[in-house]
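Enquirer: Here it is, the structure in full.
The values are calculated or read from the model by the stated rules, or taken from the named source; none is laboratory data. These figures come from a predicted structure and were not determined experimentally. Glycine gets a Cβ as well: all are built from the backbone with ideal geometry, and neighbour counts include every protein chain shown. Each accessible area value is taken on the protein alone, full model and side chains, heavy atoms only, with ligands, DNA and RNA left out. Shrake-Rupley method; radii C 1.70, N 1.55, O 1.52, S 1.80 Å.
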Amino acid sequence: KCTLCGACFEVCKFEAILFEKPETEKKDLSAYKGVWVFCEQKKGIIQSVAYELLGEGRKLADKLNTYLGGVLFGENIKEKAKNLISRGADKVYLADSPLLKDFLDETYTKVLIDLATKYKPEIILAGATTIGRSFIPKVAVKLQTGLTADCTALGIDSKGNLMQTRPAFGGNIMATILCKNSRPQMATVRHKVMKESCITEGRKGEIILEDIPESYSRRDTQVIKVVQELTSTINLTEADIIVSGGGGLQKKENFKIIEDLAKVLGAAVGASRTAVDKGWISYSHQVGQTGKTVCPKLYIAVGISGAIQHLVGMQSSEKILAVNKDPNAPIFKAADYGLLGDLFKIVPALTEEFKNLKIN
Ligand code: FAD
């Protein structure tokens, strides 16, 4: 069961254990310059997480007195590269090819490795999205560097290292991780925890067009069809208002009262893990540590206890309203407003009231 963690070697006072680590080639860290942001696009539309990372990346680049680079992969997206400059990038590394039209981790991995090897950025940031989570770890392994996944805060320490902060041990502590001996320093960052950079019209920057080797068309996997999840509801991570239901709803059919309230408010429907685990609603609605991080203007938590794993996904919402019958439920500590009582009475009454407000 040895995982080669080395802990036994450090504590053995008899020096009975020999633990030889393979010598790794020392990198010249000073050769690495620039903060890069991998800017995700879907169907040619730059995803908002890219603008959030450009905002944060700008701050880091200014602190390090270096440039901010946007990395954009796709097909016929040259025009979009200009958006990244107006959002704060000094340079955009653009790979424009039919091979990069749809995300395929095999090709995206190869192209990002090629770019990072050629230009040697000191930092690479990407969204902790399905795409980022899928291929960024592969890039880190190939570049023989560290990666901190799911960061919620970034900074620069006195020696110029990237401070990568993320929740650890079920969200009970925040761990700040450094990658001191290797470059680039790589982190994926949760969506919606950082503010989007503003648009500066007329901002100037450089677009560097990269060629893709023809051999990259020979792939082990092919995209046959992109199937969109059909949903008439509003996207959770983009919503201004979210109504979320939890274990207090007791059964699947009762989720309708959450949907009714969401409908009248033009809100998205969220859920705690309990609701998802019980099969009352699909996983794409789960908010929290193992679900989505959201930051709406108003988050309404109905029959949700407020476990730390749920709170980490919604506590940066502008206003939180909790509906719960237990006065000691932890959700009330995170909430700006609380309604203490039976959700089966309160929620339909709210829906009715908002309906009347709308009509009048
Ligand atoms: P419960 O704990 O069952 O709470 C139900 C609440 O409803 C209670 O507060 C109760 O007072 C209230 N209630 C009951 N009946 C009524 C009523 N009639 N009227 C009003 N109030 C009522 N959880 C997440 O949500 N998201 C995650 O991403 C997530 N990730 C996790 C990752 C790990 C590694 C682990 C270990 C756990 C994770 N969890 C996550 C689970 C989390 O710890 C909690 O178990 C979960 O959030 C509890 O969901 P709940 O509050 O909806 O349900």
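Enquirer: I want to verify a result. In a Gaussian network model of the chain, Cα cutoff 10 Å, which of these has the top mean-square fluctuation: 189, 227, 312?
Expert: 227
Enquirer: Sort out the exposed loop GluC sites (Glu not before Pro) in the chain (DSSP loop, at most 11 other Cβ within 10 Å) and tell me the longest stretch that has none.
Expert: Free of exposed loop sites, the longest segment is 26-200.
Enquirer: Quick one: Kirkwood hydrodynamic radius for the chain, alpha-carbon pairs, angstrom, one decimal?
Expert: When all Cα pairs of the chain are included, the Kirkwood radius is 22.6 Å.
Enquirer: A follow-up question, please. Test of understanding: in a Gaussian network model of the chain with alpha carbons linked when under 10 Å, which of 69, 270, 246 would top the mean-square fluctuation ranking?
Expert: Of 69, 270, 246, the Gaussian network model singles out 246 as fluctuating most.
Enquirer: Which net charge results for the neighbourhood of residue 27, defined as the other residues with beta-carbon distances under 15 angstrom from its beta-carbon, given Lys and Arg at +1 and Asp and Glu at -1?
Expert: In short, +2.
Enquirer: Between 83, 254, 324, which gets the highest mean-square fluctuation from a Gaussian network model of the chain, Cα cutoff 10 Å?
Expert: Comparing 83, 254, 324 in the GNM, the peak value goes to 254.
Enquirer: In terms of Cα to Cα distance under 19 Å, which aspartates and glutamates are near enough to residue 118, apart from those fewer than 8 places away along the same chain?
Expert: List returned: 25, 28, 90, 96, 106, 206, 210, 211, 214.
Enquirer: How would 93, 32, 119 line up by accessible area, probe 1.4 Å, largest first?
Expert: Solvent-accessible surface, decreasing: 119, 32, 93.
Enquirer: Return the Rg/Rh ratio of segment 128-280 with Cα-based radii and a Kirkwood Rh.
Expert: We get a ratio of 1.05 for segment 128-280.
Enquirer: Follow-up question, since we're still on this one. With a ≥ b ≥ c the root eigenvalues of the C-alpha gyration tensor of segment 8-76, is it rounded (a/c under 1.5), prolate (a/b larger than b/c) or oblate?
Expert: Cα axes put segment 8-76 in the prolate bin.
Enquirer: Considering only the chain, what is the antiparallel percent among its DSSP beta bridges, to the nearest 5?
Expert: Of all bridge pairs located within the chain, approximately 20 percent are antiparallel.
Enquirer: Please provide three numbers in whole Å: the alpha-carbon extents of segment 245-330 along the principal axes, with the largest listed first.
Expert: Principal-axis extents of segment 245-330 (Cα, largest first): 29, 27, 26 Å.
Enquirer: Quick one: Debye curve from the alpha-carbon atoms of segment 284-360 only, equal weights, vacuum; give me log10 I(q)/I(0) at q = 0.14, 0.20 Å⁻¹ to two decimals.
Expert: The computed values of log10 I(q)/I(0) come out as -0.47, -0.87.
Enquirer: Segment 292-360: which trypsin sites (Lys or Arg not before Pro) are DSSP loop and have at most 13 other beta-carbon atoms within 10 angstrom?
Expert: 297
Enquirer: Debye calculation, C-alpha points only, no solvent: report log10 I(q)/I(0) for segment 303-342 at q = 0.15, 0.26 Å⁻¹, in the same order as the q values.
Expert: These q points yield log10 I(q)/I(0) values of -0.28, -0.83.
Enquirer: What is the Å³ per residue value for the convex hull set by the Cα atoms of segment 33-127?
Expert: 78 Å³
Enquirer: In Å², and per residue, what accessible area does the chain have when probed at 1.4 Å with the other protein chains present? Walk me through the numbers on the way to the answer.
Expert: Details: 19690 Å² over 360 residues.
On a per-residue basis, 55 Å².
Enquirer: I need the trypsin sites (Lys or Arg not before Pro) found in segment 1-103, filtered to DSSP loop residues with at most 13 other beta carbons within 10 Å of theirs. Present the calculation step by step, with values, prior to reporting the outcome.
Expert: Values: sites: 1, 13, 26, 27, 33, 42, 43, 58, 59, 63, 78, 80, 82, 87, 91, 101; in loops: 1, 13, 26, 27, 33, 43, 87, 101.
Listed in order of number, the matching sites are 1, 13, 26, 43.
Enquirer: For residue 27 paired with residue 226, estimate the spin-label separation in nm (one decimal), with each label point 7 Å from Cα along the Cα-to-Cβ line.
Expert: Distance between label points: 3.1 nm.
Enquirer: Nearest 500 deg cm²/dmol is fine: what mean residue ellipticity at 222 nm does the chain get from its DSSP H runs of n ≥ 4 alone, each adding -39,500 (n - 2.57), divided by its residue count? Walk me through the numbers before you get to the answer.
Expert: Working: 10 runs with 99 residues, N = 360.
Computed mean residue ellipticity for the chain: -8000 deg cm²/dmol.
Enquirer: Return P(r) of segment 142-211 (all Cα-Cα pairs; 10 Å bins starting at 0; whole %; ordered from short to long distances).
Expert: Values per bin, smallest distances first: 17, 35, 33, 13, 2.
Enquirer: How large, in percent, is the carbon and sulfur part of the accessible surface of segment 51-96 at a probe radius of 1.4 Å?
Expert: With neighbouring chains kept in place, the figure for segment 51-96 is 40 percent.
Enquirer: Among 104, 282, 161, pick out the residue whose Cα is farthest towards the positive end of the charge dipole of the chain, where Lys and Arg carry +1 and Asp and Glu carry -1 on C-beta, about the Cα centre.
Expert: The listed residue farthest towards the positive side: 161.
Enquirer: Residue 206: net charge of surrounding residues, Cβ under 14 Å, Lys/Arg +1, Asp/Glu -1, itself excluded?
Expert: +3
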